[in-house]
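These notes concern the structure reproduced below.
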Amino acid sequence: MRSALAERADLSAFREKPTPMIIAGVLAIGLSFLLGWPAITALGIVAIKLKQPWIAVIGGPMMYGISHLVFLLGMYLSGALYTWIFCRWLVRVTMEWALIWVSVDGQRDA
């Protein structure tokens, strides 16, 4: 995480024209992030609204497993190098957003 922030990890490796396989892999990696916690959260909300806890109990781990398999498929399709580049960039962007969010909240409290 520190090296991604310090080195300003970016997507410059994607300047070369990627093959369709690499594009499919990166899209699968992105999809896996959407299938992870956001989908599990949605299942939890639906379970609460419908008063059916089994939706979250069964669906949550199942969605997590599916998202992991989709991530592995994306990693296989795009190759380890592009997966590493994409994940480092995503960590940098997420941490910068989180640090800005924390610093803004910290200023409001003061």
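The values are calculated or read from the model by the stated rules, or taken from the named source; none is laboratory data. Given the structure is predicted, the values throughout are model-derived calculations rather than measurements. Note that each Cβ is placed from the backbone with ideal geometry, even for glycine, and that neighbours are counted across all protein chains shown.
Of everything in the range 10-63 that's within 21 Å of SER78 (Cα to Cα) and hydroxyl-bearing (Ser, Thr, Tyr), which residue is surrounded by the fewest Cβ atoms within 10 Å (Cβ to Cβ)? Talk me through it step by step, then tell me what you get.
Our first condition is that a residue be within 21 Å of SER78 (Cα to Cα); within the range 10-63, this holds for 10-36.
With hydroxyl-bearing (Ser, Thr, Tyr) added as a condition, the list becomes 12, 19, 32.
Numbers: SER12: 9, THR19: 12, SER32: 19.
Once the filter is applied, the top-ranked residue is SER12.
Tell me which residues, restricted to the range 79-96, are free of Cβ contacts under 8 Å to residues at least 60 places away in the same chain and surrounded by 17 or more Cβ atoms within 10 Å (Cβ to Cβ).
THR83
Of the numbered conditions (1) more than 30 Å from PRO20 (Cα to Cα); (2) hydrophobic (A, V, I, L, M, F, W, C); (3) crowded, with 17+ Cβ neighbours inside 10 Å, VAL70 satisfies every one except a single condition; which is it?
Going through (1) more than 30 Å from PRO20 (Cα to Cα); (2) hydrophobic (A, V, I, L, M, F, W, C); (3) crowded, with 17+ Cβ neighbours inside 10 Å one by one, VAL70 breaks only (1).
From the list ILE100, ILE66, ILE85, ILE29, which residue is modelled with pLDDT of 90 or more and among the hydrophobic types (A, V, I, L, M, F, W, C)? Can you show your working first?
Values: ILE100 fails: modelled with pLDDT of 90 or more; ILE85 fails: modelled with pLDDT of 90 or more; ILE29 fails: modelled with pLDDT of 90 or more.
Within the list ILE100, ILE66, ILE85, ILE29, the selection yields ILE66.
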